[in-house]
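The values are calculated or read from the model by the stated rules, or taken from the named source; none is laboratory data. Note that this is a predicted model, so its numbers are computed, not measured. Here the Cβ positions follow ideal geometry from the backbone for every residue, glycine too, while neighbour counts run over all protein chains shown. In case anyone asks, the SASA skips ligands and DNA or RNA and just uses the protein heavy atoms, side chains included. Shrake-Rupley method; radii C 1.70, N 1.55, O 1.52, S 1.80 Å.
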Amino acid sequence: REFLTFEIPLNDSGSAGLGVSVKGNRSKENHADLGIFVKSIITGGAACKDGRLRVNDQLIAVNGESLLEKTNQEAMETLRKSMSIEGNKRGMIQLIVARRLAGRGEVRYTPSLACTGTFTVCFYIVLFGFKLVLLH
């Protein structure tokens, strides 16, 4: 996994806000909360316009507040509060995310609908430690 920090401006997203839906994952064995992950990115929202956040990214921290060691419910509430007018006076949200890296020889296919309405297909191929990104 790699850890990334994004500062995403919210000012021009209007009522769409950050524009992500999230899901909480749980362990199948003991039903422990495993964190919250980006389920989808909504067209017109700040995350879509920014373009760096991806589906399946795990949210680790929001505006400097760690989501680790919180229940999924508490983590989602922290995210919601950070998006409120009181919680976000800077017009920007800072996210730290964990992203799974493609394994050697693994090909990742990630279709994404850009905010402009164009369709981009992205292939990730990791060979010999190099990441090759092909856009179509």
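So, GLY51, is that one closer than 13 Å to GLY19 by Cβ and surrounded by fewer than 19 Cβ atoms within 10 Å (Cβ to Cβ) or not? It is true that GLY51 is closer than 13 Å to GLY19 by Cβ and surrounded by fewer than 19 Cβ atoms within 10 Å (Cβ to Cβ).
For the range 92-109, a residue qualifies if it is among the hydrophobic types (A, V, I, L, M, F, W, C) and at pLDDT 60 or above, and the qualifying residues are MET92, ILE93, LEU95, ILE96, VAL97, ALA98, LEU101, ALA102.
Scanning the range 15-39 for residues that are more than 16 Å from ARG80 (Cα to Cα) and not basic (Lys, Arg), we see that the one that is least open to solvent (accessible area, probe 1.4 Å) is SER27.
Show me the strands (runs of 3 or more DSSP E) found entirely inside the range 1-56 where at least 1 residues are farther than 23 Å from GLN73 by Cβ. Even if it seems obvious, please write down each step before you answer.
Values: elements: 2-9, 20-26, 33-41.
Fully inside the range 1-56 and qualifying: 2-9.
The residues of the range 1-57 that are under 20 Å from LEU101 (Cα atoms) and touching a Cys at 6+ places or on another chain (Cβ under 6 Å) amount to a single one, ILE41.
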